[in-house]
1. Could you check how much of the accessible area of chain A is carbon and sulfur, as a whole percent, using a 1.4 Å probe?
2. In whole percent, how big is the carbon plus sulfur part of the accessible area of region B:200-316, probe 1.4 Å, protein atoms only?
3. Take every DSSP beta bridge whose two residues both sit in chain A, then give the antiparallel share in percent to the nearest 5.
4. Can you pull out the chymotrypsin sites (Phe, Trp or Tyr not before Pro) in region A:131-197 whose DSSP state is coil and whose Cβ has at most 11 other Cβ atoms within 10 Å?
5. Give me the one-decimal nm value for the distance between modelled label points at B:R19 and A:L211, 7 Å along each residue's Cα-to-Cβ direction.
6. Can you give the accessible area of B:T239 in Å² (nearest 10), computed on protein heavy atoms with a 1.4 Å probe?
7. Set the Förster distance to 45 Å, then compute FRET efficiency between A:R24 and A:R275 from the Cβ-Cβ distance, nearest 0.05.
8. Put a dot 7 Å past each Cα toward the Cβ at A:E17 and B:I195; how far apart are the dots in nm?
Amino acid sequence: MVSLPGSTAVAGIGATEFSKQSGRSELQLAAEAVFAALDDAGLSPSDVDGLVTYTQDTNQEIAVAREVGIGDLTFFSRVHYGGGAACGTVLHAAMAVATGVAETVVCYRAFNERSGRRFGQPDARIGGEPSSQGLEMSWHVPYGLMTPAAWVAMFARRYMHAYGVTSEDFGRVAVAMRRHAATNPAAWFHGRPITLEEHQASRWIAEPLHLLDCCQESDGAVALVVTSAERARDLRRSPALISAAAQGAGAGQLMMTSYYRDDMTGLPEMGVVGRRLWEQSGLGPADIQTAILYDHFTPFVLTQLEELGFCGRGEARDFVAGGGIEIDGRLPVNPHGGQLGEAYIHGMNGIAEAVRQIRGTSVNQVAAVRNVLVTAGTGVPTSGLVLSAE
Amino acid sequence: MTATAEADLHDRLMALAERQIAVGEVRGVAAADPVNLPMIRHWAAAMGDANPVYTDAEAAAGSAHGEIVAPPAMIQVWTMPGVVRDGRQATTPVDDVLRALDGSGYTGVVATNCEQTYHRYLRLGERLVPATRFTGLAGPKRTALGEGYFVTWNITWYSQDEPVADMLFRVLKFRPRERKTKPEAREPYPLKPAINRDTAFFWEGVGRGELLIQRCADCGELRHPPGPVCPSCRSVERTHVVASGVGEVYSYVVHHNPPVPGRSTPFVVAVVELPEGVRIVGNVVDCPPEEVGIGMQVRVTYRQMDDELILPMWVPQES
Ligand SMILES: [Zn+2]
């Protein structure tokens with residue numbers, strides 16, 4: 001059997017600027033990010049024989065290949081469930097490389113999520129069709145429960161009730177992310193930290209979530225080059241080895257409204273991912289020097305700390321309040337500022353930051369990084385990675 | 001209408017009222033028929049008045065009246081114009097006032113007072129003539145029905161030249177409030193559920209005012225949201241039970257932003273746990289959002305969202 005752990009690596013990362021109005025098409029953004037990632041790796045478009053993106057991406061693989069000048073493709077794939085796809089694209093690429101289906105696969109995500117279609121805006125059509133997803137939405141959308149913030153808020157309220165968690169506990173996550181972003185020149189919120197008071201004073205989106213519990217909306221693109229570890233060693237950058245890659249969905253899973261399972265205070269699908277990651281990599285929470293935890297909304301950062309074993313159930317609030325997620329804390333989380341601070345590129349920008357942390361080139365570099373954990377979208381079927389230094 | 005135009009209208013109406021009061025009493029057209037036994041009999045039967053003095057000549061002869069008399073409350077009947085207006089009705093001083101009010105938008109009408117005074121009993125064969133006096137206009141007044149004027153007049157009924165009864169009659173002529181609710185209700189609600197053969201039973205139940213939970217016909221497991229195959233025993237034989245209609249708030253959100261089509265913010269959406277053992281999502285209504293909490297006891301209600309869609313919703317149990 002082909003073994004995934006350690007046999008593949010991320011050899012290149014690339015991105016456009018992160019903005020609120022890119023002024024160009026999503027396809028152009030995709031092409032620019034792919035060029036940047038190939039340049040970073042020291043590869044040319046003709047070296048690429050595979051492309052992977054999100055089901056939600058509007059740029060077909062063949063369209064990106066045409067713009068970039070990629071020739072023959074032997075592998076193309078898409079990953080479902082919104083931001084839950086992020087690390088999944090790397091998993092699909094790594095599987096293709098490890099099995100010899102492709103040699104060099106580029107993963108990309110490109111959108112004008114602020115100036116174009118905004119995911120946070122209600123769309124009356126989402127419940128309209130009797131597909132399995134449309135029917136699932138139909139138990140919620142008619143009641144006006146139709147934005148990601150509101151879907152997450154439903155989990156957050158129960159979590160607060162179960163563990164005595166407060167809005168301030170969520171706010172401390174936002175404050176930490178904005179503090180990290182403040183020293184990252186690539187971050188939209190570079191130089192703009194916030195206080196807990198500002199978090200508390202920000203307007204309600206869907207109680208218990210304030211505006212500052214919600215990540216920003218961004219235009220931009222990120223691309224990653226995945227190839228074999230062996231080949232990566234001969235390229236321009238030191239490789240970020242893929243020690244583990246996993247997808248996960250839980251029993252009784254719905255897209256983003258899994259309210260019918262026994263418990264609403266955890267993220268069972270992330271538990272599935274976490275167990276697979278530890279199993280594949282032979283590592284555990286104590287072996288991780290920094291983590292990129294998906295932060296579209298603050299409450300699930302707390303839940304992930306618990307679900308992945310960095311602290312016990314209901315203990316994340318204390319972990320965060322005690323400075324655990326700061327750059328010098330027990331587990332620095334999202335040194336780039338996350339999606340709350342840097343940009344919302346559907347989790348792809350977090351994977352790029354994980355690679356920089358492995359290389360030792362981040363603007364907010366954590367000391368002595370060996371292994372970085374990365375997670376994808378929360379509340380949805382999701383995915384995760386452990387990247388490691390040589 | 002501007003404030004000035006309203007003031008002008010009021011002045012015109014009051015001036016008209018003054019003139020009509022000054023006209024004094026105006027005699028109307030005499031009754032088509034004299035006071036008669038068949039009409040009395042019909043009226044007494046319809047009103048359930050069995051007093052024999054109105055209908056039984058023998059009993060009446062032995063009474064203080066010495067003969068049949070008409071029930072006094074029938075007074076309006078004798079001179080009431082028929083359903084088919086034949087142009088014989090005389091105009092009264094009230095007509096111009098009512099017409100002026102109609103023309104100014106006070107098209108609604110509701111009777112507010114009717115006070116009758118009977119001077120004596122009427123005997124068979126008496127032929128009455130009504131006479132109308134316009135006596136007052138008051139307003140504009142704000143009322144529950146809308147802004148309006150109270151219009152008052154008096155009618156005196158004469159037999160020959162003898163007044164036998166008087167009536168004070170007052171109506172409110174009002175401008176009907178803009179009925180906003182109706183056109184809005186007809187606007188299609190934009191958040192329609194997708195429905196297929198696996199879920200149709202639920203929405204049909206809601207249409208009948210029943211909250212249905214899918215039940216496996218083989219193993220009996222209850223399930224919501226429903227689906228085509230029982231996850232416990234693979235059976236595709238489905239039936240359903242009618243939920244008790246009570247539940248408990250398991251979690252909830254108060255939606256503020258961004259605006260949601262077809263909804264006004266803030267509104268509450270809750271995950272409601274039913275005693276039957278399943279959860280369902282719905283709005284909590286008729287309750288201020290700040291009073292909603294986890295553990296709150298609720299019961300189901302149904303709201304018509306547009307011509308087609310009814311949604312189950314939840315209200316506090318104590319209400
Ligand atoms: Zn069954």
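1. Reported share for carbon and sulfur atoms: 50 percent.
2. Within region B:200-316, the accessible surface is 46 percent carbon and sulfur.
3. 75 percent
4. Those that pass, being in a loop and sparsely packed, number zero.
5. 6.3 nm
6. B:T239 has an accessible surface of roughly 50 Å² with all protein chains in place.
7. With R0 = 45 Å, the Cβ-Cβ based efficiency is 0.60.
8. Reported label-point gap for B:I195 and A:E17 is 5.2 nm.
The values are calculated or read from the model by the stated rules, or taken from the named source; none is laboratory data. Source: prediction; values computed, not measured. So basically every Cβ, Gly included, is an ideal-geometry build from the backbone, and we count neighbours across all protein chains shown. These accessible areas exclude ligands, DNA and RNA; they are computed on the full protein's heavy atoms, side chains included. Shrake-Rupley method; radii C 1.70, N 1.55, O 1.52, S 1.80 Å.
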